[in-house]
Amino acid sequence: MKLINIEENVKNRIIDLITEGSEDRLISFKPSKEKSVADLIVKKRGGYNPPIFSKRLGSPIKTKKVFSDTSKFGGRELSFQINIFIGPEKNKNIAKDILQESFIPGKDFYLMFVYFDEVKQSISNIWIIPSLIFSELAELKKIENNKAILRFESALNLETKDKYARFLIKQKELGNFLLETINAKNGVNFLRNNFLYDEAINLDKLKKFIIESRENTYAADSKQIENPRISGSVQLEYQKADYFYQDIYFAGSKIFIGQETVYFNNRPVWAMNYLGDIAKQEILSFLKLSLLKLSQECRFGKKCQFEKRELEYQDNGQGELDLFSGKESIYQKNKNIYNLTYQGGLLLE
């Protein structure tokens, strides 16, 4: 099989992985500009950027304009330069040189490095590196004519934790990972992927991040994600460094139910589910004020309270951050008018 055909087949497989992993919520197509350095554009299904080659890069078929409301679905695009290595590689190490003068990093521009074993006919490794980070991380080498190259070099052994190992992505998670990147306001953290890193969770840092997340989402009336992952839900997100927070809940006529989840290096490490009463706006405003005032203690299994005029908030909990439960209530003139139960803890230690 010719090299160009192998590379085209690998690109097609990448597209399949993106489509399957995102449950068909992402589309992939070749950039319209012939001189573009990107090999692939990925965006949410619903946007339109003709011509679309949605399934096979090697057999372009223009599609009709089906999706036109890009404001509804979000117009953010991720562009990828795909670098394919074809093995088997004897030295278990691969390298790729990129000419510095032709490399223009950008916010939504990524480099994808793919290792394909021709004997096994399968992809074994996928690295995704934000171009802005690659420009700083890559080894700079001078070559002839006063030019320079940026070198990517990494081990094929998944247990070898070199500087690029943190960008490894599991094949089955590729589509969902890119979907979360597009959905997240500041992007999903690429710096340390959950493939290899099993760092111990710092409980103090984790709690501080949860507090900060809550103060910047529900309690602060933050804007919800326009296209939540679960239909009919409200989705709130917050990210800082290696931590990513997600709050998803459903509101009915009498109750609301949901879950907070914290990801560290893209791994779910902590979660709390809750079930509460639907309350009037005045009560909800007092609840959010209470959550802000008691953010260091409430919904962590502690006992705390806050009063304002005729309203009183109470949280009666037990346990610690790693495993806890509790019940919060609001009283108006000593009459119970709102309740919420919660439970949660660490998913990883």
| task | List, in order, the whole-Hz ³J(HN,Hα) value for each residue of the stretch 324-333 obtained from phi through the Karplus relation with A = 6.51, B = -1.76, C = 1.60 and θ = phi - 60°; use x for Gly and Pro. | result | 8, 7, x, 9, 10, 9, 10, 10, 10, 6
| remark: Phi angles of the stretch 97-111, converted by Karplus (6.51 cos²θ - 1.76 cosθ + 1.60, θ = phi - 60°) into ³J(HN,Hα) in whole Hz with x for Gly and Pro, give 9, 10, 5, 4, 5, 9, 9, 10, x, x, 4, 10, 10, 10, 9
| request: Please give the length that would be gained between L289 and S102 if that part of the chain were fully extended, namely 0.36 nm times their separation in residues minus their C-alpha to C-alpha distance (nm, one decimal). | output: 62.1 nm
| request: Rank the residues D322, D108 as a footprinting-exposure proxy: fewest other Cβ atoms within 10 Å of their Cβ go first. | output: D322, D108
| Calculated FRET efficiency, N316 and E8, Cβ-Cβ r, R0 56 Å, to nearest 0.05? | 0.35
| remark: Using alpha carbon centers only, the stretch 5-29 is separated from the stretch 220-269 by a whole-angstrom value of 27
| For q = 0.10, 0.18 Å⁻¹, Debye-computed log10 I/I(0) when each Cα of the stretch 203-346 counts as one equal scatterer | -0.32, -1.08
| query | So how do S213, S154, S102 line up by other beta-carbon neighbours within 10 Å, fewest first? | reply | S102, S154, S213
| query | Any idea how far apart Q121 and N334 come out in nm if each label point goes 7 Å out from Cα toward Cβ? | reply | 7.9
| remark: Residues whose built amide H sits under 5 Å from the amide H of L156, excluding neighbours closer than 5 in sequence, are N93, I94
| query | Listed highest first by mean packing, meaning other Cβ atoms within 10 Å per residue, what order do 117-129, 19-31 come in? | reply | 19-31, 117-129
| request: Residues in the stretch 327-342, backbone N under 17 Å from the label point at K280 (7 Å along the Cα-to-beta-carbon vector): list them, ranges by number please. | output: 330-339
| field | Amide H contacts of Y110 (H built 1.01 Å from N, under 5 Å, at least 5 apart or other chain) | value | S79, F80, Q81, S131
| Which residues' amide hydrogens lie under 5 Å from the amide hydrogen of A148, considering only partners 5 or more residues apart or on another chain, with H built in the peptide plane? | Q100, E101, I143
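For D16 and A220 in the same chain, what is the full-extension length gain: residue separation times 0.36 nm, less their Cα-Cα distance, in nm?
69.5 nm
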| request: Please give the length that would be gained between S231 and A148 if that part of the chain were fully extended, namely 0.36 nm times their separation in residues minus their C-alpha to C-alpha distance (nm, one decimal). | output: 25.0 nm
| field | the stretch 254-349: trypsin sites (Lys or Arg not before Pro) falling in loop per DSSP and having at most 10 other Cβ within 10 Å | value | K254, K280, R309, K333
| query | Semi-axes, largest first, in whole Å: what does sqrt of 5 times each Cα gyration tensor eigenvalue give for the stretch 294-337? | reply | 22, 10, 5
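Values in this text are rule-based calculations from the coordinates and carry no lab data. Just so it is clear, the structure is predicted and the values come from calculations on it, not from any experiment. Positions of Cβ are backbone-derived with ideal geometry, glycine not excepted, and every protein chain shown enters the neighbour counts.
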